[in-house]
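Where a number appears in this text, it was derived from the coordinates with a stated rule and is not lab data. Not measured: the values here are computed from a predicted model. Please note: Cβ atoms are built from the backbone with ideal geometry, for glycine as well, and neighbour counts cover all protein chains shown.
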Amino acid sequence: MKKASGHRLADEAQQTLDAIRGGEVDAFVVAGEGAEKVLVLSASDPPWRAIVEEMRQGAVTLTHDGTVAYCNPELSRLLGLQRRDILGHPFEAFVAEASRPVVRGFMATHEERESELELRRADGSPIPVIAARSILHDHEGVQCCLVFADLREQRIRDQLRIEKDAAEEASRMKGEFLAMASHELRTPLTAIMGWAQYAALPSEIDDATARHALQSIEQSARTLTKLVDDILDSSRLSSGRLSLQRKDVDLRVLARSVAELMGFELSARQLTLRVEGPEDPVIVHGDPERLQQVLVNLLGNAIRHSAPGGMIVIRVEEDVAVARLRVTDFGEGIEPSFLPHLFEAFRRGGSTRSHRGLGLGLWIAEQLVQAHGGSIAAQSEGKGRGATFTVELPLTPAPRR
Amino acid sequence: MAAKRTTSGKRPDGPPDHWVLHLYVAGQTPKSVAAIGNLRRFCEEVLPGRYTVEVIDLLENPRLARVHDIVAIPTLVRDLPQPVKKIIGDLSRREKVLVALDIRSGP
C-alpha cells in the first residue's frame with residue numbers, strides 16, 4: 001500500500017519528534033552548504049537546539065513579556081545583527097511598525113498559528129516573512145516560539161513573472177498591430193490603385209464615374225494619411241518626442257470646427273451631430289492642432305460605433321478650474337469588461353473586424369490629453385447603451401488681453 | 001570501512017521473506033552503539049537466518065544520508081520486504097520496533 005509522500009513526510013516528522021522526546025537519538029544530519037554534515041549532540045544539549053541552530057529558517061523564543069530569550073544564527077543573518085544585539089532586547093524592535101500588532105497577537109495566544117509580517121533589518125529595510133508561532137515546553141516553562149521563512153525570493157519570482165507576462169502581452173499585441181496595420185494600409189491603397197487603373201483605360205468614362213473615382217481616391221488617400229499620422233504620432237508619443245505649440249484655445253470654436261471637418265463622415269452614415277456649449281468662451285492653453293486631433297478621434301470613435309441615423313452630442317462645459325469636453329453617442333456602448341482596456345494601444349472593441357482602424361485613436365487621444373495636463377475617461381451603461389467620453393483640461397482663468 | 005555487512009541469509013535480495021535492513025549510525029555515539037546491539041539481538045530472535053543488515057556510518061560518509069533522506073541518527077530502514085519503512089531511534093523499545101516493522105509475532 002502506498003501513502004502519499006506528504007503523508008509519509010508528516011509521519012516521519014512525527015516519528016522524529018517522538019524519538020527526540022524519548023531521548024532515542026543523539027545525532028542529526030544537517031544540510032550544510034551543498035554537503036551534508038553530521039552533528040553529534042553532547043549529553044548537555046537539548047536535542048531541539050541542535051536542529052534549530054542549523055535550520056534554514058529564522059527562529060526565536062520569547063519570554064512572556066516579548067523579550068528575545070533565544071535567536072538562531074539564521075535569524076541573526078536575516079536581521080543583519082550579531083546575536084548579542086538581539087538577545088535580551090524586546091522582539092518588537094526587529095519588526096516593522098505595521099507588523100507589531102501581529103506579533104502582539106502571537107504573544108496573546110497559546111495556539112499555533114501562521115501569519116505574514118515584515119521584519120526590519122538593522123539598516124531599516126523590511127524583510128517580508130511568513131511567521132509560524134509554535135509552543136515550546138521546556139524547563140523554563142511555556143515559551144512563545146516563532147519561526148520565520150524569508151519571502152523575498154518568492155516575491156522577486158512573483159514580480160518577474162508579472163513583468164514577463166506583461167512583456168509577452170505587449171509583444172503579442174505588437175505582432176497583432178503589424179498584421180492589422182498592413183491590412184489597414186493595403187485596403188485604401190487597393191482602392192486608389194483600382195480607380196487609377198480604371199481611369200487610365202482608353203475607353204471613355206463619363207463625368208459622374210470620373211467624379212466618383214476622384215472622390216474615392218481622395219477619401220482613400222485621406223484614410224492613408226490618417227493611418228500614417230497615427231502611427232507616427234504613437235511612435236512620437238511613446239518615445240516622449242512630442243512638442244506642443246500652445247496658445248489659448250476656445251473649446252467651443254474647436255468643437256464647431258471639428259463638426260465641420262467631420263461633416264462628410266457624419267452625413268455618410270446619416271448621423272446628426274449636436275454641439276452644445278455656454279455663451280462665453282471656454283479657454284484652455286493648449287496646442288490647437290493636437291486638441292483638434294483628440295476631438296476628431298473621439299468623434300470618429302462615436303461615428304464608428306453609432307447606428308446609421310443616430311445622434312451624437314458634443315458638449316463643452318466649464319467648471320471650477322476645469323474645462324470639459326463630452327462626446328456622447330447612443331450606439332453600441334462598451335462592455336464593462338472592456339472599459340479598463342479602452343485606452344490601451346492596439347486594442348479595439350468588439351470581436352469582429354467590422355470596424356476600421358488600428359486601435360490607436362483612443363490611446364493617442366489619452367496621451368495627448370495627458371500631455372496637456374488633463375485627463376480622459378469613458379462611461380457606458382453597457383452593451384447597446386451608448387457611451388460618453390469626457391476630457392478634462394486645466395482651465396485658463398480668464399483670457400488675458 | 002564505511003559499511004559493515006553481516007549476512008545471515010544466502011542472498012541480499014533473496015526469497016520474499018528475506019529482510020534487507022540498513023542501519024544509519026554516527027560513529028560510536030551512545031545511541032548508535034545501542035541501536036546496533038538492539039538490532040542484532042532483535043534480528044537473531046525474530047528473523048533468524050533470513051535477514052541482511054548493513055550498518056552505515058554517516059560520520060565517515062555523510063553524503064550517504066541522501067540515499068534514504070536520513071535526518072535523525074540512529075535510523076533503521078527496511079528496504080525489503082516492500083514497502084520501505086523507517087524507524088527513528090535506538091530501537092530500545094521492542095514493541096515499537098515490532099509494530100513499525102510490521103512483524104507479526106509468532107512464526
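If I stretch the segment between residue A:67 and residue A:246 completely, what's the gain in nm (0.36 nm per residue apart, minus their alpha carbon distance), one decimal?
On the way: separation 179, 0.36 × 179 = 64.44 nm, distance 6.47 nm.
Stretched out fully, the residue A:67 to residue A:246 stretch lengthens by 58.0 nm.
Kirkwood Rh and Cα-based Rg: tell me the resulting Rg over Rh for chain A, rounded to two decimals. Mind showing how you got there, number by number?
On the way: Rg = 35.0 Å, Rh = 28.0 Å.
With Rh from the inverse mean 1/r over Cα pairs, Rg/Rh is 1.25.
Say the dipole of region A:240-337 comes from +1 at the beta carbon of Lys and Arg and -1 at that of Asp and Glu; which of A:316, A:278, A:244 then lies farthest toward its positive end?
Farthest along the dipole direction, towards plus: A:244.
If you place +1 on the Cβ of every Lys and Arg and -1 on the Cβ of every Asp and Glu, how big does the dipole about the Cα centre of chain A come out, in debye to the nearest 20? Intermediate results must be reported in sequence, preceding the final value.
Values: 48 positive and 58 negative charges, 212 e Å.
Magnitude of the dipole: close to 1020 debye.
Taking all pairs of distinct Cα atoms, average 1/r, flip it, and tell me the Kirkwood hydrodynamic radius of region B:20-107 in Å to one decimal place.
Details: mean 1/r = 0.0765 Å⁻¹.
About 13.1 Å for region B:20-107.
Considering the options A:144, A:94, A:106, tell which one lies farthest towards the positive end of the dipole of region A:62-179, charges being +1 on Lys and Arg and -1 on Asp and Glu at the Cβ, about the Cα centre.
A:94
Show me, for region A:64-78, the HN-Hα J-couplings you get by feeding each phi into the Karplus relation (A = 6.51, B = -1.76, C = 1.60, θ = phi - 60°), rounded to Hz, glycine and proline as x.
Coupling constants for region A:64-78: 4, 9, x, 7, 6, 9, 8, 9, 8, x, 5, 5, 5, 5, 4 Hz.
Return the aspartates and glutamates within reach of residue B:85: Cα separation strictly under 13 angstrom, same-chain partners fewer than 8 residues apart disregarded; answer none if there are no such residues.
Within the straight-line cut-off, residue B:85 pairs with A:11, A:12, B:69, B:102.
Give me, ordered by chain and number, the residues 5 or more places off residue B:59 or on other chains with an amide H under 5 Å from its own placed amide H.
Under 5 Å from the amide H of residue B:59: B:27.
Once you list every other residue whose beta carbon is under 15 Å from the beta carbon of residue A:214, what net charge do they have if Lys and Arg are +1 and Asp and Glu are -1? The partial results should precede the final answer.
Details: positive: A:211, A:222; negative: A:206, A:207, A:218.
The answer is -1.
Going by the alpha-carbon gyration tensor, a ≥ b ≥ c the square roots of its eigenvalues, is region A:140-203 rounded (a/c under 1.5) or, if a/c is not under 1.5, prolate (a/b greater than b/c) versus oblate? Could the numbers behind the result be given before it?
Details: a/c = 18.18, a/b = 10.34, b/c = 1.76.
Verdict is prolate for region A:140-203.
Around residue A:307, what is the net charge, scoring Lys/Arg as +1 and Asp/Glu as -1 over all other residues with Cβ under 15 Å from its Cβ? Working shown, then result.
Numbers: positive: A:269, A:304, A:383, A:385; negative: A:265, A:329, A:332.
In short, +1.
Once you charge only the Cβ atoms, +1 for Lys and Arg and -1 for Asp and Glu, what is the size of the charge dipole of region A:176-306 about its Cα centre, to the nearest 20 debye? Spell out each step's value before the answer.
On the way: 14 positive and 18 negative charges, 60 e Å.
That gives a dipole near 280 debye.
Going by a ≥ b ≥ c, the root eigenvalues of the Cα gyration tensor, does region B:68-107 fall in the rounded group (a/c under 1.5), the prolate group (a/b larger than b/c) or the oblate group?
Values: a/c = 3.36, a/b = 1.32, b/c = 2.54.
Oblate, since a/c reaches 1.5 and b/c is not below a/b.
Divide the volume of the convex hull of the Cα atoms of region A:181-301 by its number of residues and quote the answer in cubic angstrom per residue. Numbers along the way, then the final one.
Values: hull volume 17.3 nm³, N = 121.
Expressed per residue, the convex hull around the Cα atoms of region A:181-301 is 143 Å³.
222 nm [θ] for chain A, helices only, -39500 (n - 2.57) per DSSP H run of 4+, per residue, to 500? Intermediate results must be reported in sequence, preceding the final value.
Numbers: 10 runs with 167 residues, N = 401.
So the helix-based figure for chain A works out to -14000 deg cm²/dmol.
Can you tell me the 0 to 90 degree angle between the C-alpha axis of helix A:288-304 and the longest principal axis of chain A, rounded to 10?
Once rounded, one gets 90 degrees.
For chain A, modelled as a GNM with alpha-carbon contacts under 10 angstrom, which of A:205, A:303, A:334 fluctuates the most?
A:205
Filter the cross-link list A:37/B:86; A:174/A:383; A:174/A:226 down to pairs whose alpha-carbon distance in this structure exceeds 22 Å.
On the way: A:37/B:86 20 Å; A:174/A:383 27 Å; A:174/A:226 19 Å.
Too far apart for the 22 Å limit: A:174/A:383.
With +1 on each Lys and Arg Cβ and -1 on each Asp and Glu Cβ, and nothing else charged, work out how big the dipole of region B:48-107 is about its Cα centre, in Debye to the nearest 20. Working shown, then result.
On the way: 10 positive and 8 negative charges, 52 e Å.
My answer is approximately 260 debye.
Collect residues whose amide H, placed 1.01 Å from N in the peptide plane, falls under 5 Å from the amide H of residue A:333; neighbours closer than 5 in sequence don't count.
A:384, A:385, A:386, A:387
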